[in-house]
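These notes concern the structure reproduced below.
The values are calculated or read from the model by the stated rules, or taken from the named source; none is laboratory data. What you see is a predicted model; the values in this text were computed from it and never measured. Protein only, heavy atoms only, side chains kept; ligands, DNA and RNA dropped before computing areas. Shrake-Rupley method; radii C 1.70, N 1.55, O 1.52, S 1.80 Å.
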Amino acid sequence: MHARSSGSPMFNVDILYEIMRYFDNAVTGDGRTLAALARVSILWRTPAQTALYKHLKIHAGDDSGEPVNTLDSIIYCDKRLNHTLAEAPHLLRHIKGLSIHVWPERLTPGHEHLRSQLVLCCWHHFLPDDALKTVTLQVRHSPAPGASDTFNAHALRFPFVRTAPHLRFVLNPIRRGETICDVLSFPKLVKLELFLSTRIDGDSFRNVAPPKLRHLAVTLHWQLQQDAGHANRPFDILIAAVGSQLRSLELCAPYFRSSHVRSALSALFATPCPHLKHLGLYGYLITLVPLEAPEKHYSLPPGLDRLQNLETFSCSHSAYTPDVFEQLRRIPTLKVLRIAYGRRPFPYEDALLDFLRRKEGEPPAPGHLALEAASEQLNVAQMERFSDACRTAGVRLTLNDLDFYGQAA
């Protein structure tokens, strides 16, 4: 850093961008710090505006919370933001991510004092082609029946949605096969996050797959429990359609004893996935499940060892069983094993310790064992045994992304 003759401080531009990234509006919450930094000098303006407008949130809804009929007429954004972008359209080039939230609290009765802060959005039609990298369509509250379907149908017509390489459906269950078929037709789609209802006809997207799709994350709707006997399982059809081209896959579903979830995993393991390198399996609980016999309630179906190019495997601890560790032992490319602790201590300590000990002729142990757990879930003696085993095997051990033993990556 040095000073000009005028006394204005000079920074290397890369340093300026790092400073602005630190004060990103996702961290500060309201972007006021970045807005102030943008007014420091001309040199600071572009880096600050790049961070300030990088990801914006707008709203879809009306005062009554009725289903969306014409999306353009009920897209709202902050009044000051709307004025700024309308008066300075060159700032639109800084927008890389856009979240559309349906029926936010500030538009529902009881929040009248906040309504004055929102106005109809007038700039979203002028976003440059291919400007957005990520678009999120999120339903924050339980809408009227069929409302999210109508919202999705309108939102997917926007050019900036259809050309975004990363599309996210958050708490926004897709109940129409035609919607998935439409999304899978987007030619530039690379990463897709779905909130998938089981009451959906998968035949409509059985043979459709976008050519560039490489990363897929699917959350199965909690209606899964009632639909366990449904013959047309949409995830099975989806993974059969796109599995061969995926590099990473995440599946989040109700607890693993569900027959539907086991069917989804069986479909995954039966599908040739030669390029799959990262697999994450996560569960959420609608009702608490006793763990007296976790191998009965949470066991994964066989076939995990068919993913012979897998490099990272992440899973809730309750889904691990001795058989799972035996299957992982037969994957020669495995580099990272992540275990997310549940509500109780890890029940298969012996199987994990044995997994870390490799016999002659076996593939080496993965180079990184990552544990994720709250402090109250940890057993100190157990962690010491894990640490000793990792030290002996030359495996890096981290706890909540902090090094417990081994060298930082």
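Among Lys79/Lys212; Lys79/Lys133; Lys191/Lys359; Lys54/Lys212, which pairs are too far apart, with a Cα-Cα distance over 31 Å?
From the list (Lys79/Lys212; Lys79/Lys133; Lys191/Lys359; Lys54/Lys212), the Cα-Cα distance tops 31 Å for Lys79/Lys212; Lys191/Lys359.
Which value, in Å² rounded to 10, gives the accessible area of Ser248 with a 1.4 Å probe and all protein chains present?
Rounded to the nearest 10, that gives 30 Å².
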